[in-house]
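Okay, structure first, notes after.
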Amino acid sequence: MRAIITRRVISCVILFLLPVTFLFSQSEDSQKILDAQKEGIITLMGVDDAKQIVGEGTGFVIEPGVIATCYQVISKATSVIAKNFKGKIVKVDGILAVDKNLNIALLRIKGKAPALAFGNSDELESGKKVSVVGSNESGEIVVSNGEVNDVFDLGADKKVVRTSLDIPRYFSGAPLLDENGQVLGVVIFFERRLRITLASNSLKNIQKQTLIKFKNWQPEDYLATTEGALFAGKVSAFLDETGRARQYLEKVRQARPDDIEVHSILASVYDSQRDFELAILAYEKVISMDASRDKAYYGMGMVYIKMRRFEKALPYLEKAVELNPIYKDAFYYIGSALQDLKKFESAADAYKKYLESNPENAWETYYRMAVCYVELENYDEAIAAFQASMKEKPDEVRIGYDLAQVYERSKQYDKAEETYRKISQVMPEDPIRPYRVMLMMYDKAKMPDKAIQIAVEITQMDPNNYEAFYNLGYMYMNNKKYNAAIAAFSKAMELNPGYEYTYSNIGYIYYLQKKYQQSINVYKKLVEIVPDNVNALYFIGVNYMLLKNFDSAVDPLKKAVDLQPNNANALYNLAIAYLNLHDNYSAREIYNKLKTIDPGLAKKLEEHLR
């Protein structure tokens, strides 16, 4: 609390702070609203017996001699100092009504200040332009402009509004106005940063009572009351201020342990804070108090979904739908839970039910349903679901790939290819990738002609990519089109002379073509690049043997064995080379090693030993 200032000092401060008014950027329309309404705006200051300020805010005239304000502004006061827009004192006779559920008080004042006209607050909606006229820190009446962010129904004919207005706490109790200057709400400050606007239609049900003078009024801390804590807790939950909401509502729960609404809101607060165990306990309490509370079943199910306890989630979500079919999205989460439990058929059925509600972004549900059908190997249904998903999301590459793979699984290769080509068109950053997948598809399906066709297209799309020519060469080689393979591999070698596999494959093709010396020449180039390439050393040796040049075969084969002592084929051929050089001793040494490494080859070698 701060001490009240004497009138003389107040006047000096006001004169000093007058320029603050001009800090508010006011359009011509705003100025008109200010000029039209300022006479009905009252600055309020609540003080206690010790003359300490216990509340500051704004009130506005709702009928001759009556103003409305935020109850918190005056709840701790034993007297109220009020001033009009001219800074003149306005006498406050007392309190006519207090509605703690709304945090609103009606005060009787002296004077002929005009009443503000009320509009229909049901017209409040997101984006609506609004203004608020209230008191700033120096007691001047100013206007601030903004718009409605959202509207929330707290129940019991109580709607609250969040706006974009940037206003100080002295605006607590100020009227929210539409563009015509009609009252649509009352600004409520619970705490410095906890603010909301109460829709004005709620004020219509407040009944004036017998006037209570402030000397007969019992001051109280509004937020310490059950009604105040409940209202602040609800507003905090609406504003996603879960820490404050929890603090207020747990106090209310202590005072009202049988209030089902408090348990229900707390459950959602705990859920938002990911305090799932407390959320479960709160939802259980709600259900025990009212077994038909569909929202509690749904909330409980969603908590278990977030905890990935899918078996637990299912009965609650199913019960929520049974009690209230409005929970259409429950079918989506039921499907999701069943899918995670690998109950794919039931999951697909749940997704179908969800899709019957024509949800937004249905493509994802079609996609998940398609995945379930793939697991069931029901490819026709999977294709139909993927197609439905792609229809709504034609540029979603993931769907296209999965649809193409289902076509591949069902051996509809033409349709798979058609799909991959479409994917390429929506992938400007990497249009070749779908072609590589097609290449693998046709290779796996043992359709070499189609594989070669795709490989050729890839080289045309990216003529400087050595891997594209390498893959083309590989496809030709697998189809025994060796000359074409060598040409493709040679192009790959030209683009990347250090890529060892091109040498290895060209060398192997020459070996298959019985062009042994050409094979040796290529493998020797490979050894220059990769000296410890066992495969190259091995084939150099084998090619020399096939040329009957056993002397030249020994050295590369020995090097291969040195690098891979357990290479049975290299050992066997080295032994044969020794035998052809009449080195029976060395051959027998190898034989003894082979008996352990490869008994089959050892036995074959034994037939040649003398």
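The values are calculated or read from the model by the stated rules, or taken from the named source; none is laboratory data. These numbers were taken from a predicted model, which means no experiment stands behind them. Every residue, glycine as well, gets a Cβ built from its backbone with ideal geometry; the counts of neighbours run over all protein chains shown. Quick note on the areas: whole protein, heavy atoms, side chains included, nothing else; ligands and nucleic acids left out. Shrake-Rupley method; radii C 1.70, N 1.55, O 1.52, S 1.80 Å.
Residue under question is I454, and the condition is that it be in contact with a Lys or Arg (Cβ under 8 Å, 6 or more places away or on another chain) and open to solvent by less than 60 Å² (accessible area, probe 1.4 Å); does it hold? Criteria not met by I454. Against the numbered list (1) closer than 30 Å to V371 by Cα; (2) surrounded by 23 or more Cβ atoms within 10 Å (Cβ to Cβ); (3) touching a Ser or Thr at 6+ places or on another chain (Cβ under 6 Å), P431 comes up short only at (2). Of all residues in region 89-113, those that are open to solvent by 60 Å² or more (accessible area, probe 1.4 Å) and in contact with a strand residue (DSSP E or B) (Cβ under 9 Å, 6 or more places away or on another chain) total 4.
Of all residues in region 392-399, at least one satisfies being open to solvent by 90 Å² or more (accessible area, probe 1.4 Å), within 23 Å of K328 (Cα to Cα), out of contact with any Cys (no Cβ under 7 Å at 6 or more places or on another chain) and assigned to a helix (DSSP H, G or I).
Scanning region 150-168 turns up no residue that is in a strand (DSSP E or B), touching a Leu at 6+ places or on another chain (Cβ under 9 Å), over 13 Å from L198 (Cα atoms) and among the hydrophobic types (A, V, I, L, M, F, W, C).
Restricting E140, E179, E191 to residues that are touching a strand residue (DSSP E or B) at 6+ places or on another chain (Cβ under 9 Å), closer than 25 Å to T78 by Cα and acidic (D, E) narrows the list to E140. Filtered by the rule that a residue be open to solvent by 20 Å² or more (accessible area, probe 1.4 Å) and under 29 Å from the mean Cα position of the chain (by Cα), region 124-165 gives E125, S126, G127, K128, E147, N149, D150, V151, F152, D153, R162, S164. In region 230-240, is there at least one residue being over 30 Å from A279 (Cβ atoms) and of a type in the set (F, W, Y)? The answer is no; no qualifying residue exists.
Condition check ((1) small (G, A, S); (2) open to solvent by less than 20 Å² (accessible area, probe 1.4 Å); (3) part of a loop (DSSP other than H, G, I, E, B); (4) in contact with a helix residue (DSSP H, G or I) (Cβ under 8 Å, 6 or more places away or on another chain)) across all residues:
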residue	(1), (2), (3), (4)
A36	yes, no, no, no
A50	yes, no, yes, no
G55	yes, yes, no, yes
F60	no, yes, no, yes
I81	no, no, no, no
F85	no, no, yes, yes
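Taken as a whole, the condition of being in a loop (DSSP other than H, G, I, E, B), among the basic types (K, R) and farther than 19 Å from G155 by Cβ does not apply to R244.
In region 368-379 there is no residue matching the filter, namely being crowded, with 21+ Cβ neighbours inside 10 Å, in contact (Cβ under 8 Å) with a residue 24 or more places away in the chain, within 29 Å of L341 (Cα to Cα) and in contact with a Lys or Arg (Cβ under 6 Å, 6 or more places away or on another chain). Taken together, Y316, Y297 contain a single residue that is under 28 Å from Y366 (Cβ atoms), in contact with a Lys or Arg (Cβ under 6 Å, 6 or more places away or on another chain) and at pLDDT 95 or above, which is Y297.
Among A296, A291, which is crowded, with 21+ Cβ neighbours inside 10 Å, small (G, A, S) and farther than 22 Å from L341 by Cα? After ruling out the rest, the residue left standing is A296. Among the residues of region 532-591, the ones that are open to solvent by 50 Å² or more (accessible area, probe 1.4 Å), more than 21 Å from I509 (Cβ to Cβ), hydrophobic (A, V, I, L, M, F, W, C) and part of a helix (DSSP H, G or I) come to 1 in all. Only residues that are open to solvent by less than 90 Å² (accessible area, probe 1.4 Å) and part of a helix (DSSP H, G or I) were counted in region 592-610, giving 8.
Going by the structure shown, is Y476 buried (at least 21 other Cβ atoms within 10 Å of the Cβ) and more than 48 Å from the chain's Cα centre (by Cα)? Judged against the criteria, Y476 is not a match.
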